[in-house]
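Asker: Okay, here's the structure, questions in a sec.
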Protein chains: 2
Amino acid sequence: MSNQHFKKGELYSFITGKASTAIARRLQKKLNAAGMNLTIEQWSVLYHLWKDDGKSQQELCNATFRDKPSITRLVDNLEKLNLVKRVPSENDGRINKITLTKQAQKLQEQTMLLAEETLNESLVSVPPEKIEICKEVLQVVYDNLK
Amino acid sequence: MSNQHFKKGELYSFITGKASTAIARRLQKKLNAAGMNLTIEQWSVLYHLWKDDGKSQQELCNATFRDKPSITRLVDNLEKLNLVKRVPSENDGRINKITLTKQAQKLQEQTMLLAEETLNESLVSVPPEKIEICKEVLQVVYDNLK
DNA sequence: GACATATAGTTGTTTATGCAACTATTCAAA
DNA sequence: TTTGAATAGTTGCATAAACAACTATATGTC
């Protein structure tokens, strides 16, 4: 097999995800600087609701790669911020549909611009074909482990 | 410029670092399964001490990409576990040298094997040249943002 | 030597994660 | 139709992160 003899020095940055941490921090700073009282984790939940409002908490778990307690509390905090509402499903008494408030709908455009800006900054001087390969590798890694 | 017109659908996984999260979780499970009472964050501190014992807390901050309070508390917990000791520097009264205990020295080999195993699993079917490009891109991203 | 400034580390607060244990609702099978 | 399993969500606990405010030591300049 091809990867058996991984050099030890290469372990660390793959495991710790320094790059994605740096991206997330940069975006967080932009959100703060824009006066948006929003964590990246909360943003990541909103992101999926902007794509498809009314997802259940379980669907948000799958979309955001988080467990149920994490989503419960993120939704708690988003509710406190008046950005989402829990709406009990009519068909199934176990399910909450999480729906965006008008206030949250307004945030979409501005935060997506900040996110794009962050990615553009992070990828300066990286040729598109290498970005493609990198994304592909990260997807395979994710699929290998899930 | 080349990256200006990033497709929106591509934003998410780059920012959230799903791949590195998945790797870290897998390694955490292996540590647990091996009966090691150790978080990956604690492991990441030990990792740098195994390479060079006696680093100051500030040096650990730089090495692990964490802030000072985070390192203070990680060292607190590692001390509780009897894996490191704070040794006041003789030259400079502000500095603690963090030194490994014998118990921590014993953990190195086993945990490094588990880390390599984790990476091998995560990179199954990824050709080495793509791994290289991916590492390179992640390094540039990190450098662009730091 | 005195004082301003920089550096090293700590503490408090809020938010988030992972795990286990729990409740409530639904579904399926006898 | 009742009972047991599966699913959706919540709560409690320990660990960790980000940020601001803090203490203590060191350094450099007048």
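The values are calculated or read from the model by the stated rules, or taken from the named source; none is laboratory data. The shown structure was predicted, so the numbers you read here are calculated from the model rather than taken from an experiment. Positions of Cβ are backbone-derived with ideal geometry, glycine not excepted, and every protein chain shown enters the neighbour counts. These area figures cover heavy atoms from the full protein model, side chains too; ligands, DNA and RNA do not enter into them. Shrake-Rupley method; radii C 1.70, N 1.55, O 1.52, S 1.80 Å.
Asker: With respect to residue A:84, is the statement that it is modelled with pLDDT of 95 or more and either on the phi > 0 side of the Ramachandran plot or of a type in the set (A, V, I, L, M) (or both) true?
Answerer: Yes: the conditions hold for residue A:84.
Asker: Which residues, taken from the range A:35-46, are at pLDDT 95 or above and either more than 7 Å from chain B (Cβ to nearest Cβ) or in contact with a Leu (Cβ under 8 Å, 6 or more places away or on another chain) (or both)?
Answerer: Residues of the range A:35-46 that are at pLDDT 95 or above, as a first pass: A:38-46.
Scanning the range A:35-46 gives A:38, A:39, A:40, A:41, A:42, A:43, A:45, A:46.
Every residue, every condition in (1) outside any helix (DSSP H, G or I); (2) touching a strand residue (DSSP E or B) at 6+ places or on another chain (Cβ under 9 Å), yes or no:
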position: A:30; (1), (2): no, no
position: A:42; (1), (2): no, no
position: A:53; (1), (2): yes, yes
position: A:60; (1), (2): no, yes
position: A:105; (1), (2): no, no
position: A:114; (1), (2): no, no
position: A:126; (1), (2): yes, no
position: A:131; (1), (2): no, no
position: A:134; (1), (2): no, no
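Asker: Considering every residue within the range B:54-63, establish whether at least one is more than 10 Å from chain A (Cβ to nearest Cβ), open to solvent by 40 Å² or more (accessible area, probe 1.4 Å), within 12 Å of DNA strand C (Cβ to nearest atom) and not acidic (Asp, Glu).
Answerer: Yes: the range B:54-63 contains one or more residues that are more than 10 Å from chain A (Cβ to nearest Cβ), open to solvent by 40 Å² or more (accessible area, probe 1.4 Å), within 12 Å of DNA strand C (Cβ to nearest atom) and not acidic (Asp, Glu).
Asker: Give me the residue from the range A:103-144 that is small (Gly, Ala, Ser) and within 11 Å of another protein chain (Cβ to nearest Cβ) and, out of that set, most open to solvent (accessible area, probe 1.4 Å).
Answerer: Looking only at the range A:103-144, we keep the residues that are small (Gly, Ala, Ser), and these are A:104, A:115, A:122, A:125.
Next cut, within 11 Å of another protein chain (Cβ to nearest Cβ) only: A:115, A:122, A:125.
Values: A:115: 0, A:122: 1, A:125: 93 Å².
The qualifying residue most open to solvent (accessible area, probe 1.4 Å) is A:125.
Asker: Could you check how many residues of the range B:72-102 are open to solvent by 100 Å² or more (accessible area, probe 1.4 Å) and among the polar types (S, T, N, Q)?
Answerer: 1
Asker: Still on this model: Out of (1) within 14 Å of the chain's Cα centre (by Cα); (2) open to solvent by 10 Å² or more (accessible area, probe 1.4 Å); (3) within 16 Å of DNA strand D (Cβ to nearest atom), the odd one out for residue B:46 is which?
Answerer: Every condition holds for residue B:46 apart from (2).
Asker: Could you check the range A:40-57 and list, in sequence order, the residues that are in contact with a helix residue (DSSP H, G or I) (Cβ under 7 Å, 6 or more places away or on another chain) and not hydrophobic (A, V, I, L, M, F, W, C)?
Answerer: Of the range A:40-57, the ones in contact with a helix residue (DSSP H, G or I) (Cβ under 7 Å, 6 or more places away or on another chain) are A:40-48, A:50, A:55, A:57.
Matches in the range A:40-57: A:41, A:42, A:44, A:47, A:48, A:55, A:57.
Asker: Do we have residue A:82 as away from chain B (no Cβ under 13 Å) and part of a loop (DSSP other than H, G, I, E, B) here?
Answerer: Considered against the rule, which asks whether it is away from chain B (no Cβ under 13 Å) and part of a loop (DSSP other than H, G, I, E, B), residue A:82 comes out as yes.
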